[in-house]
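One structure below.
The values are calculated or read from the model by the stated rules, or taken from the named source; none is laboratory data. Everything quoted here is computed from the prediction, not taken from an experiment. Here the Cβ positions follow ideal geometry from the backbone for every residue, glycine too, while neighbour counts run over all protein chains shown.
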Amino acid sequence: MAAIGGCLGDDDDEENGEAANGDENGDENGDENGDEDNGEEENGDENGDEENGDEDNGEEDDSPAIAEFTGTGPETTDSFELEDGFAALRIDPIENIGVDVVTMDGNVPRSAEWDIRNYQGFLPLSMGAGEYELDIDVDEDVEWSITVYNDPADGATALDLPTTVEGSEPEYTGPIDFEEGVTASVEYEGEGEFFLKLYALDGEYIEELHHEDGAFEEELEIDYEEWGWVLITASEEYEITFDASEE
C-alpha cells in the first residue's frame, strides 16, 4: 500500500508540475503577447504623435505669421527676418504706443505712432528683405502684443478669381493677377473709415484704391498690370469680391 501510495504521489507531482509549467508557459506567452500588443499600441501612439506633429508643423510653416512678441513697458524685441513680399505688423493696443522697425546696423526704415491708429492696428511694412528688430515705446505699465506677418513673393500663387474677403477688422489678400483687369465690388456697413491700398508683389506700396467714411457700396476698376496685394483697413463689417473685368 505504501508503494502504491508512493506511485500515486509521483503522478500527482508530475501533474502538478505540468500544470505549473502550463501556468508558467501561459503566463509567459500571455505576457509576451501582451507586451507585443502593448508595443504595437505604443508604436501606434508614437507614430500617430509624430504624424500629427508633422501636420501641425506643416500648418505652422504655411502661416504668414512669422513672429509674435508680447511684453509690458518699453522693450527691444528679438530680431526676425523678412523676405520680399507683403509684410505687416498687427499691433495691440493701437493708441499710446510707438514702434520703430530697426535694422541690425541701427537704421530705422519705419517709425510709427499715429500710423498705428490710422491703420487700425495692422501696419504695413514696405522695407524689403532683411533682418530687423522692433523698439517698443510705451509707458512702463502698458501691456502690448505684436504679430509679424510676411507673405513672400517667391513661390507665390495668384488667387483664383472670383474671390471674396469678409471681415470686420484690417486684413490683406493676394496675390492677385491684375494683368487682364480686375474689379473689386465693395460693400461696407460701418460708420467709420474704410480704405483699400495696393502693394506690388515684392511689398512696395503702389497706390490707394479707395478711401471713404461711412457705409457704401461700389464697384472699383483696378488699373494695374502686374501681380499685387490689397490691404483692407476697416473695423466694421465689409465684404469685397475681386473678379476679372468683363471684356
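Those residues that are within 14 Å of TRP227 (Cβ to Cβ) and in contact with a strand residue (DSSP E or B) (Cβ under 9 Å, 6 or more places away or on another chain), I need them from the stretch 135-162; list them, please.
Hits for the stretch 135-162 are ASP151, PRO152, ALA153, ASP154, ALA156, THR157, ALA158, LEU159, LEU161.
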Applying the selection to the stretch 181-217, what residues are in a loop (DSSP other than H, G, I, E, B) and without any contact (Cβ under 8 Å) to a residue 60 or more places away in the chain? GLU189, GLY190, GLU191, GLY192, GLY214, ALA215
Kindly indicate whether any position in the stretch 164-171 is farther than 27 Å from ASP84 by Cα and either of a type in the set (A, V, I, L, M, F, W, C) or not assigned by TED's automatic domain parsing to the domain that holds ASN96 (or both). yes
Within the stretch 102-143, count every residue that is loosely packed, with under 14 Cβ neighbours inside 10 Å and within 20 Å of GLY71 (Cα to Cα). 5
Which residue, of ILE146, ILE176, is within 26 Å of the chain's Cα centre (by Cα), buried (at least 18 other Cβ atoms within 10 Å of the Cβ) and either under 27 Å from VAL108 (Cβ atoms) or without any contact (Cβ under 8 Å) to a residue 40 or more places away in the chain (or both)? ILE146
Would you mind stating whether TYR132 is among the aromatic types (Phe, Trp, Tyr), outside the structural domain of ASP78 (by TED's automatic domain parsing) and touching a strand residue (DSSP E or B) at 6+ places or on another chain (Cβ under 9 Å)? no
Which of (1) out of contact with any helix residue (DSSP H, G or I) (no Cβ under 8 Å at 6 or more places or on another chain); (2) surrounded by 15 or more Cβ atoms within 10 Å (Cβ to Cβ); (3) not assigned by TED's automatic domain parsing to the domain that holds THR233 does THR157 not meet, given it meets every other one? (2)
Take the stretch 78-118 and flag every residue that is in contact with a Phe, Trp or Tyr (Cβ under 9 Å, 6 or more places away or on another chain) and part of a loop (DSSP other than H, G, I, E, B). ASP78, SER79, PRO93, ILE94, ILE97, MET104, PRO109
Test for ASP139: is it over 28 Å from the mean Cα position of the chain (by Cα) and not in a strand (DSSP E or B): yes
